[in-house]
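Below is one structure, written out as C-alpha coordinates; comments come after it.
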Amino acid sequence: MTNSPVVPEVDLWGSGRQVGHLRVPQSRDDSGWGTIQVPIVVVANGTGPTVLLTAGNHGDEYEGQVTLLDLARTLRPEEVQGRVILLPAMHYPACAAGKRLSPLDGRDFNRCFPGDPFGGFALSLAHFVDSVLLPICDYQMDLHSGGTGMDIVPSAVGHILDHAGMQARTLAMADAFGAPVTLLLKEVNAGPTLLAAAENRGIVALSSELGGGGRLSPAALTITKRGVRNVLRHAGVLEGLPEVGEYGPSRRMTVPDLAHYVFAPADGIWEAAHPLGHTVQADGPAGLLHRIEDPVAPPIALSYKATGLLWCVRHVGRVKAGDPVAVIARDM
(Lines give C-alpha, C1' and ligand atoms only; values in the text may rest on other atoms or scores of the structure.)
Protein backbone atom coordinates (compact mmCIF):
# COMPACT_ATOMS: atom_id res chain seq x y z
CA MET A 1 0.00 0.00 0.00
CA THR A 2 1.14 3.53 -0.71
CA ASN A 3 1.02 6.34 1.81
CA SER A 4 -0.21 8.77 -0.83
CA PRO A 5 -2.89 11.26 0.26
CA VAL A 6 -4.16 11.42 -3.34
CA VAL A 7 -7.48 9.61 -3.75
CA PRO A 8 -8.60 8.31 -7.18
CA GLU A 9 -12.32 8.37 -7.91
CA VAL A 10 -11.92 5.52 -10.41
CA ASP A 11 -11.12 1.85 -9.86
CA LEU A 12 -7.73 1.42 -11.51
CA TRP A 13 -8.39 -2.32 -11.74
CA GLY A 14 -11.96 -2.11 -13.05
CA SER A 15 -13.17 -2.93 -16.56
CA GLY A 16 -15.01 -0.72 -18.99
CA ARG A 17 -14.74 3.04 -19.32
CA GLN A 18 -14.38 5.14 -16.19
CA VAL A 19 -14.17 8.92 -15.93
CA GLY A 20 -13.33 10.73 -12.71
CA HIS A 21 -10.68 12.67 -10.85
CA LEU A 22 -7.63 12.29 -8.69
CA ARG A 23 -8.41 14.28 -5.54
CA VAL A 24 -5.19 15.99 -4.49
CA PRO A 25 -5.35 17.76 -1.09
CA GLN A 26 -4.84 21.52 -1.27
CA SER A 27 -5.61 23.28 2.00
CA ARG A 28 -6.50 26.97 1.75
CA ASP A 29 -7.45 29.71 4.17
CA ASP A 30 -11.09 29.26 3.22
CA SER A 31 -11.08 25.47 2.66
CA GLY A 32 -9.04 23.39 5.06
CA TRP A 33 -10.26 20.16 3.42
CA GLY A 34 -10.01 21.46 -0.12
CA THR A 35 -8.86 19.29 -3.02
CA ILE A 36 -7.76 19.92 -6.59
CA GLN A 37 -9.48 17.67 -9.12
CA VAL A 38 -7.13 16.19 -11.71
CA PRO A 39 -9.09 14.50 -14.54
CA ILE A 40 -8.42 10.79 -15.12
CA VAL A 41 -9.94 8.35 -17.62
CA VAL A 42 -9.40 4.58 -17.54
CA VAL A 43 -10.44 2.32 -20.43
CA ALA A 44 -9.91 -1.40 -19.80
CA ASN A 45 -11.03 -4.67 -21.32
CA GLY A 46 -9.77 -8.24 -21.35
CA THR A 47 -6.13 -9.05 -20.79
CA GLY A 48 -3.14 -7.16 -22.07
CA PRO A 49 -0.60 -4.52 -21.13
CA THR A 50 -1.23 -1.26 -19.33
CA VAL A 51 -0.30 2.01 -21.04
CA LEU A 52 -0.19 5.29 -19.12
CA LEU A 53 -0.55 8.36 -21.36
CA THR A 54 -0.02 11.79 -19.80
CA ALA A 55 -0.21 15.36 -21.06
CA GLY A 56 -0.25 18.76 -19.43
CA ASN A 57 2.89 18.08 -17.42
CA HIS A 58 3.50 21.69 -18.43
CA GLY A 59 0.34 23.71 -18.83
CA ASP A 60 1.40 25.70 -21.92
CA GLU A 61 1.97 22.62 -24.10
CA TYR A 62 -1.23 21.87 -25.96
CA GLU A 63 -0.87 19.15 -28.59
CA GLY A 64 -0.79 16.37 -25.99
CA GLN A 65 -3.67 17.79 -23.98
CA VAL A 66 -5.98 17.99 -27.00
CA THR A 67 -4.89 14.55 -28.25
CA LEU A 68 -5.69 12.86 -24.95
CA LEU A 69 -8.99 14.73 -24.63
CA ASP A 70 -9.88 13.37 -28.06
CA LEU A 71 -8.82 9.86 -27.04
CA ALA A 72 -10.80 10.13 -23.79
CA ARG A 73 -13.94 10.90 -25.78
CA THR A 74 -13.50 8.28 -28.49
CA LEU A 75 -11.65 5.22 -27.12
CA ARG A 76 -14.10 2.36 -26.52
CA PRO A 77 -13.53 -0.61 -24.21
CA GLU A 78 -14.32 -3.09 -26.98
CA GLU A 79 -11.35 -1.73 -28.96
CA VAL A 80 -8.95 -2.39 -26.11
CA GLN A 81 -7.07 -5.46 -24.96
CA GLY A 82 -5.51 -4.37 -21.69
CA ARG A 83 -5.77 -1.01 -19.98
CA VAL A 84 -5.23 2.61 -20.98
CA ILE A 85 -4.89 5.26 -18.27
CA LEU A 86 -5.23 8.86 -19.46
CA LEU A 87 -4.20 12.00 -17.60
CA PRO A 88 -4.93 14.69 -20.23
CA ALA A 89 -4.25 17.64 -17.89
CA MET A 90 -1.91 16.09 -15.36
CA HIS A 91 -0.56 19.29 -13.80
CA TYR A 92 -4.07 20.70 -13.67
CA PRO A 93 -3.40 24.11 -12.04
CA ALA A 94 -0.77 24.92 -14.68
CA CYS A 95 -3.03 23.66 -17.48
CA ALA A 96 -5.93 25.82 -16.29
CA ALA A 97 -3.59 28.82 -16.20
CA GLY A 98 -1.84 28.03 -19.52
CA LYS A 99 1.55 28.23 -17.80
CA ARG A 100 4.61 26.02 -17.63
CA LEU A 101 5.03 26.39 -13.88
CA SER A 102 2.48 25.88 -11.13
CA PRO A 103 0.50 28.99 -10.17
CA LEU A 104 0.28 27.48 -6.68
CA ASP A 105 3.97 27.32 -5.79
CA GLY A 106 5.99 28.07 -8.92
CA ARG A 107 7.18 24.48 -9.29
CA ASP A 108 8.04 22.79 -12.57
CA PHE A 109 6.03 19.57 -12.21
CA ASN A 110 8.46 17.72 -14.46
CA ARG A 111 11.23 18.35 -11.95
CA CYS A 112 9.27 16.94 -8.97
CA PHE A 113 9.75 13.17 -9.37
CA PRO A 114 9.73 10.85 -7.50
CA GLY A 115 7.85 13.30 -5.32
CA ASP A 116 6.90 13.54 -1.67
CA PRO A 117 3.47 12.41 -0.42
CA PHE A 118 3.20 15.35 1.95
CA GLY A 119 5.22 18.01 0.11
CA GLY A 120 2.33 20.03 -1.30
CA PHE A 121 0.30 19.69 -4.50
CA ALA A 122 3.01 19.10 -7.12
CA LEU A 123 5.18 16.80 -5.01
CA SER A 124 2.26 14.75 -3.67
CA LEU A 125 0.80 14.29 -7.18
CA ALA A 126 4.23 13.31 -8.54
CA HIS A 127 4.53 10.78 -5.72
CA PHE A 128 1.13 9.29 -6.62
CA VAL A 129 2.07 8.97 -10.29
CA ASP A 130 5.42 7.42 -9.37
CA SER A 131 4.31 5.08 -6.58
CA VAL A 132 0.77 4.12 -7.68
CA LEU A 133 0.42 4.49 -11.45
CA LEU A 134 3.88 3.64 -12.77
CA PRO A 135 4.19 0.30 -10.94
CA ILE A 136 1.09 -1.04 -12.75
CA CYS A 137 2.27 0.11 -16.20
CA ASP A 138 4.09 -1.67 -19.00
CA TYR A 139 4.42 1.41 -21.21
CA GLN A 140 4.31 5.14 -20.49
CA MET A 141 4.37 8.21 -22.73
CA ASP A 142 4.46 11.81 -21.51
CA LEU A 143 3.42 14.24 -24.25
CA HIS A 144 5.32 17.54 -24.39
CA SER A 145 5.95 20.40 -26.79
CA GLY A 146 8.19 23.45 -26.69
CA GLY A 147 5.64 25.45 -24.72
CA THR A 148 5.73 29.23 -24.79
CA GLY A 149 9.50 29.55 -24.98
CA MET A 150 10.66 27.10 -27.63
CA ASP A 151 9.65 25.68 -31.01
CA ILE A 152 10.76 22.13 -31.82
CA VAL A 153 10.63 19.76 -34.79
CA PRO A 154 7.89 17.23 -33.85
CA SER A 155 9.70 14.30 -32.26
CA ALA A 156 9.33 11.25 -30.08
CA VAL A 157 12.02 11.64 -27.43
CA GLY A 158 13.86 9.17 -25.24
CA HIS A 159 16.86 9.42 -22.99
CA ILE A 160 20.26 7.95 -23.73
CA LEU A 161 20.24 4.77 -21.61
CA ASP A 162 23.02 2.53 -20.35
CA HIS A 163 20.92 -0.65 -20.71
CA ALA A 164 21.10 -1.76 -24.36
CA GLY A 165 17.91 -3.83 -24.21
CA MET A 166 15.83 -1.00 -22.77
CA GLN A 167 17.36 1.42 -25.28
CA ALA A 168 16.29 -0.85 -28.13
CA ARG A 169 12.72 -1.16 -26.77
CA THR A 170 12.53 2.61 -26.32
CA LEU A 171 13.66 3.21 -29.90
CA ALA A 172 11.16 0.65 -31.21
CA MET A 173 8.33 2.43 -29.39
CA ALA A 174 9.53 5.80 -30.71
CA ASP A 175 9.73 4.45 -34.26
CA ALA A 176 6.15 3.23 -33.86
CA PHE A 177 4.97 6.66 -32.68
CA GLY A 178 6.11 7.82 -36.09
CA ALA A 179 7.01 11.48 -35.62
CA PRO A 180 9.26 13.04 -38.26
CA VAL A 181 12.17 12.60 -35.82
CA THR A 182 12.96 9.93 -33.22
CA LEU A 183 15.42 11.56 -30.84
CA LEU A 184 17.67 10.37 -28.02
CA LEU A 185 18.33 13.40 -25.86
CA LYS A 186 20.92 14.50 -23.33
CA GLU A 187 18.57 16.71 -21.36
CA VAL A 188 19.28 19.54 -18.92
CA ASN A 189 18.44 18.24 -15.41
CA ALA A 190 16.75 15.02 -16.57
CA GLY A 191 16.94 13.17 -13.23
CA PRO A 192 13.70 14.40 -11.59
CA THR A 193 11.52 14.05 -14.72
CA LEU A 194 8.58 11.69 -15.22
CA LEU A 195 10.48 10.00 -18.06
CA ALA A 196 13.41 9.25 -15.74
CA ALA A 197 11.03 8.00 -13.04
CA ALA A 198 9.48 5.55 -15.49
CA GLU A 199 12.91 4.43 -16.73
CA ASN A 200 14.03 3.88 -13.14
CA ARG A 201 11.13 1.44 -12.72
CA GLY A 202 12.07 -0.51 -15.85
CA ILE A 203 9.09 0.75 -17.87
CA VAL A 204 9.39 1.27 -21.62
CA ALA A 205 8.85 5.02 -21.68
CA LEU A 206 8.95 8.01 -24.00
CA SER A 207 8.58 11.73 -23.90
CA SER A 208 8.01 13.94 -26.93
CA GLU A 209 8.45 17.43 -28.28
CA LEU A 210 5.61 18.28 -30.62
CA GLY A 211 5.84 21.88 -31.74
CA GLY A 212 5.65 24.82 -29.37
CA GLY A 213 5.56 28.58 -29.51
CA GLY A 214 2.61 28.73 -27.12
CA ARG A 215 0.16 27.65 -29.81
CA LEU A 216 -1.72 24.52 -30.88
CA SER A 217 -0.17 23.52 -34.20
CA PRO A 218 -2.61 21.68 -36.53
CA ALA A 219 0.25 19.79 -38.19
CA ALA A 220 1.76 18.74 -34.87
CA LEU A 221 -1.68 17.79 -33.54
CA THR A 222 -2.18 15.43 -36.49
CA ILE A 223 1.20 13.82 -35.77
CA THR A 224 0.35 13.49 -32.07
CA LYS A 225 -3.07 11.93 -32.55
CA ARG A 226 -1.73 9.37 -35.01
CA GLY A 227 1.34 8.73 -32.84
CA VAL A 228 -0.60 7.99 -29.66
CA ARG A 229 -2.75 5.41 -31.39
CA ASN A 230 0.41 3.99 -32.97
CA VAL A 231 1.89 3.51 -29.49
CA LEU A 232 -1.25 1.65 -28.42
CA ARG A 233 -0.96 -0.56 -31.52
CA HIS A 234 2.73 -1.15 -30.82
CA ALA A 235 1.90 -2.21 -27.25
CA GLY A 236 -0.79 -4.61 -28.47
CA VAL A 237 -3.61 -2.70 -26.76
CA LEU A 238 -5.17 -1.79 -30.12
CA GLU A 239 -5.29 -4.03 -33.17
CA GLY A 240 -3.29 -3.35 -36.28
CA LEU A 241 0.12 -2.02 -37.21
CA PRO A 242 1.38 1.53 -36.63
CA GLU A 243 0.57 3.93 -39.45
CA VAL A 244 3.41 5.68 -41.28
CA GLY A 245 3.09 9.44 -41.76
CA GLU A 246 3.28 11.26 -45.05
CA TYR A 247 6.97 12.08 -44.39
CA GLY A 248 7.90 8.38 -44.24
CA PRO A 249 9.73 6.48 -41.48
CA SER A 250 10.96 8.46 -38.49
CA ARG A 251 14.48 9.88 -38.76
CA ARG A 252 16.62 8.62 -35.86
CA MET A 253 18.69 11.42 -34.35
CA THR A 254 20.46 12.32 -31.13
CA VAL A 255 21.43 15.32 -29.01
CA PRO A 256 24.27 13.55 -27.19
CA ASP A 257 25.63 16.38 -25.00
CA LEU A 258 25.32 20.03 -24.07
CA ALA A 259 27.81 20.97 -26.80
CA HIS A 260 24.86 20.62 -29.17
CA TYR A 261 23.10 23.51 -27.37
CA VAL A 262 23.66 27.23 -27.96
CA PHE A 263 23.24 29.20 -24.72
CA ALA A 264 22.79 32.95 -24.42
CA PRO A 265 25.78 34.43 -22.53
CA ALA A 266 23.84 37.54 -21.47
CA ASP A 267 20.34 38.99 -21.32
CA GLY A 268 19.08 40.38 -24.61
CA ILE A 269 16.89 40.03 -27.69
CA TRP A 270 17.63 36.98 -29.81
CA GLU A 271 17.85 37.25 -33.61
CA ALA A 272 18.15 33.74 -35.06
CA ALA A 273 20.18 33.19 -38.22
CA HIS A 274 18.12 30.22 -39.46
CA PRO A 275 14.57 28.83 -39.25
CA LEU A 276 13.60 25.65 -37.42
CA GLY A 277 14.51 22.52 -39.37
CA HIS A 278 17.46 24.11 -41.22
CA THR A 279 20.69 22.13 -41.64
CA VAL A 280 23.50 24.04 -39.93
CA GLN A 281 27.27 23.75 -39.67
CA ALA A 282 29.61 23.81 -36.70
CA ASP A 283 31.23 27.26 -36.34
CA GLY A 284 28.54 28.75 -38.56
CA PRO A 285 26.56 31.77 -37.36
CA ALA A 286 23.68 30.91 -35.02
CA GLY A 287 22.42 34.47 -34.58
CA LEU A 288 22.84 37.78 -32.80
CA LEU A 289 22.07 38.79 -29.21
CA HIS A 290 21.06 42.46 -28.99
CA ARG A 291 21.55 44.34 -25.68
CA ILE A 292 19.25 47.27 -25.07
CA GLU A 293 21.27 48.55 -22.10
CA ASP A 294 24.11 49.64 -24.41
CA PRO A 295 22.58 51.06 -27.59
CA VAL A 296 25.86 51.65 -29.44
CA ALA A 297 27.49 48.31 -28.59
CA PRO A 298 27.52 45.71 -31.38
CA PRO A 299 25.31 42.64 -30.85
CA ILE A 300 26.93 39.47 -29.52
CA ALA A 301 27.43 36.98 -32.37
CA LEU A 302 26.92 33.34 -31.39
CA SER A 303 27.97 30.27 -33.37
CA TYR A 304 26.87 26.66 -33.54
CA LYS A 305 29.24 24.13 -32.00
CA ALA A 306 27.86 21.14 -33.89
CA THR A 307 26.70 20.22 -37.39
CA GLY A 308 23.21 18.87 -37.92
CA LEU A 309 19.50 19.70 -37.87
CA LEU A 310 18.32 22.87 -36.13
CA TRP A 311 15.94 20.80 -34.00
CA CYS A 312 14.88 23.42 -31.45
CA VAL A 313 14.84 27.21 -31.57
CA ARG A 314 14.00 29.96 -29.12
CA HIS A 315 10.49 31.26 -29.87
CA VAL A 316 10.29 34.18 -27.45
CA GLY A 317 12.50 37.09 -28.52
CA ARG A 318 13.64 38.20 -25.07
CA VAL A 319 16.17 35.85 -23.42
CA LYS A 320 18.09 35.71 -20.17
CA ALA A 321 21.70 34.67 -19.66
CA GLY A 322 21.89 30.88 -19.68
CA ASP A 323 18.78 30.32 -21.82
CA PRO A 324 19.19 27.91 -24.73
CA VAL A 325 18.45 29.64 -28.02
CA ALA A 326 19.13 26.66 -30.31
CA VAL A 327 19.60 22.89 -30.05
CA ILE A 328 21.25 20.84 -32.80
CA ALA A 329 20.42 17.19 -33.49
CA ARG A 330 22.61 14.90 -35.52
CA ASP A 331 21.82 11.59 -37.19
CA MET A 332 22.47 8.47 -35.14
Looking at this structure, is PRO192 in contact with a Lys or Arg (Cβ under 6 Å, 6 or more places away or on another chain) and assigned by TED's automatic domain parsing to the domain that holds ALA44?
yes
Residue check: is ASP70 acidic (Asp, Glu), at pLDDT 95 or above and over 20 Å from CYS112 (Cα atoms)?
yes
All but one of (1) crowded, with 18+ Cβ neighbours inside 10 Å; (2) closer than 28 Å to ARG169 by Cβ; (3) not hydroxyl-bearing (Ser, Thr, Tyr) hold for ARG252; which doesn't?
(1)
Every residue in the stretch 255-286 that is out of contact with any Pro (no Cβ under 9 Å at 6 or more places or on another chain), part of a strand (DSSP E or B) and surrounded by 13 or more Cβ atoms within 10 Å (Cβ to Cβ), please.
VAL255, TRP270, ALA272, VAL280, PRO285, ALA286
The correct count of residues that are farther than 17 Å from ARG201 by Cα, under 17 Å from the mean Cα position of the chain (by Cα) and among the aromatic types (Phe, Trp, Tyr) in the stretch 95-151 is 1
Does GLY245 qualify as being assigned by TED's automatic domain parsing to the domain that holds ALA168, surrounded by 12 or more Cβ atoms within 10 Å (Cβ to Cβ), assigned to a loop (DSSP other than H, G, I, E, B) and out of contact with any helix residue (DSSP H, G or I) (no Cβ under 6 Å at 6 or more places or on another chain)?
yes
Which condition number in (1) of a type outside the set (Ser, Thr, Tyr); (2) free of Cβ contacts under 8 Å to residues at least 24 places away in the same chain; (3) buried (at least 19 other Cβ atoms within 10 Å of the Cβ) is the one that LEU171 fails?
(2)
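The values are calculated or read from the model by the stated rules, or taken from the named source; none is laboratory data. Small disclaimer: the values here were computed from a predicted structure and weren't measured. Here Cβ is always computed from backbone atoms with ideal geometry, including for glycine, and neighbour counts include all displayed protein chains.
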